[in-house]
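As structure tokens, the structure follows; a few thoughts come after it.
The values are calculated or read from the model by the stated rules, or taken from the named source; none is laboratory data. All of these numbers come straight from a predicted model, not from anything done at the bench. Glycine gets a Cβ as well: all are built from the backbone with ideal geometry, and neighbour counts include every protein chain shown.
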């Protein structure tokens, strides 16, 4: 047994390195395609850089400054070279480094996605377990109906529907934003980690925490809906397969409580596929949240990319695209490693 583990370690390392190499190729391909597409779109980046009242001489000077007077392949080479130093260029609209602007907008998006993922796991796992336990009963039918609906419904429609119910009709939750206007005016918003809920807890400011939590509920539910359905369906499928195994029947024959068999034995062995799906859904949620942020006026990367697209700010568009591609590659690598950790899986 120890020799098998030792033999598996170099295979695991080789497996991870291979996935990393493929990930680098994917990111490089995304950079090349996106770079060419942003240059093909009809626009005048130099004129955007200097402003609407620029003279032809100023526009020509801006072209030289931005390197737009170089052939396309040279521009691409310079851009890729700058990427290795963390330089994503400067925004044509604000003249600020794109990497710095991403640092300002990313915490709100990451907080929304991570908390929504936690909600998805807390709701989806028990829902899948109950559905598997009550197979072909009304609870199972309800769970499957809910899961299919959660995966199928357009998230932007869900967001608008929740706003209509909880803000317009019931008036119990805010329409959008991260904080109320009066909170922003009369309270000092803490900035420690960039995550508002965490920062308000660290500083002990419960007024801001409660207000931020109320503002999180509607966008959080909207973003969490898709992974909830995904996790519930995957948990049910994996559990139904495992509940027919011999060791489960043996555990039941020993007189162990059904709850112990279900939650300690069966669920533990079905978590691999579920965690993998949940990890991959984070990547989908991360890009899907862009539209949700626009609906709920959430101050994250979604509002940043929306204004960048409208103004054809291609360095900002490139920066967000590269970040999304990098997130997908990293999450896919994590999912592959989770699968590979299972000793039953051949590398």
Open item on the list: Going through 106, 112, 76, 92 one at a time, which residue ends up being touching a residue at least 40 places away in the same chain (Cβ under 8 Å), crowded, with 20+ Cβ neighbours inside 10 Å and either under 21 Å from the mean Cα position of the chain (by Cα) or assigned to a helix (DSSP H, G or I) (or both)?
Closed with: 112
Task: Among residues of region 115-136, those that are without any contact (Cβ under 8 Å) to a residue 12 or more places away in the chain and either surrounded by 15 or more Cβ atoms within 10 Å (Cβ to Cβ) or under 19 Å from residue 242 (Cβ atoms) (or both), counted - done: 3
- [ ] Please verify whether region 280-293 includes one or more residues that are more than 23 Å from residue 120 (Cβ to Cβ), crowded, with 18+ Cβ neighbours inside 10 Å and out of contact with any strand residue (DSSP E or B) (no Cβ under 7 Å at 6 or more places or on another chain).
- [x] no
Task: region 79-89 - residue that is under 26 Å from the mean Cα position of the chain (by Cα) and part of a helix (DSSP H, G or I) and, of those, surrounded by the most Cβ atoms within 10 Å (Cβ to Cβ) - done: 79
Task: Among (1) crowded, with 16+ Cβ neighbours inside 10 Å; (2) closer than 26 Å to residue 162 by Cβ, the one test that residue 322 misses - done: (2)
TODO: Can you tell me which residue within region 289-317, out of those that are in contact (Cβ under 8 Å) with a residue 40 or more places away in the chain and out of contact with any helix residue (DSSP H, G or I) (no Cβ under 6 Å at 6 or more places or on another chain), is nearest to residue 228 (Cα to Cα)?
DONE: 297
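Here's the yes/no breakdown for (1) farther than 30 Å from residue 219 by Cα; (2) outside any helix (DSSP H, G or I); (3) in contact with a helix residue (DSSP H, G or I) (Cβ under 6 Å, 6 or more places away or on another chain):
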residue: 241; (1), (2), (3): yes, no, no
residue: 259; (1), (2), (3): yes, no, no
residue: 272; (1), (2), (3): no, no, no
residue: 280; (1), (2), (3): no, no, yes
residue: 284; (1), (2), (3): no, no, no
Open item on the list: Anything in region 195-224 that is under 17 Å from residue 164 (Cα atoms) and in contact with a helix residue (DSSP H, G or I) (Cβ under 9 Å, 6 or more places away or on another chain)? List them, or say none.
Closed with: 215, 216, 217, 218, 219, 220, 221, 222, 223
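Condition check ((1) in contact with a helix residue (DSSP H, G or I) (Cβ under 8 Å, 6 or more places away or on another chain); (2) over 25 Å from residue 290 (Cβ atoms); (3) modelled with pLDDT of 90 or more) across all residues:
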position	(1), (2), (3)
42	no, no, no
51	no, yes, no
71	no, yes, yes
77	no, yes, yes
83	yes, no, yes
88	yes, no, yes
95	yes, no, yes
TODO: Filter region 171-196 down to residues that are surrounded by fewer than 15 Cβ atoms within 10 Å (Cβ to Cβ) and in a helix (DSSP H, G or I), then give me how many there are.
DONE: 5
TODO: Go through the residues of region 260-278 one by one and say whether even a single one is without any contact (Cβ under 8 Å) to a residue 60 or more places away in the chain and closer than 30 Å to residue 166 by Cβ.
DONE: yes
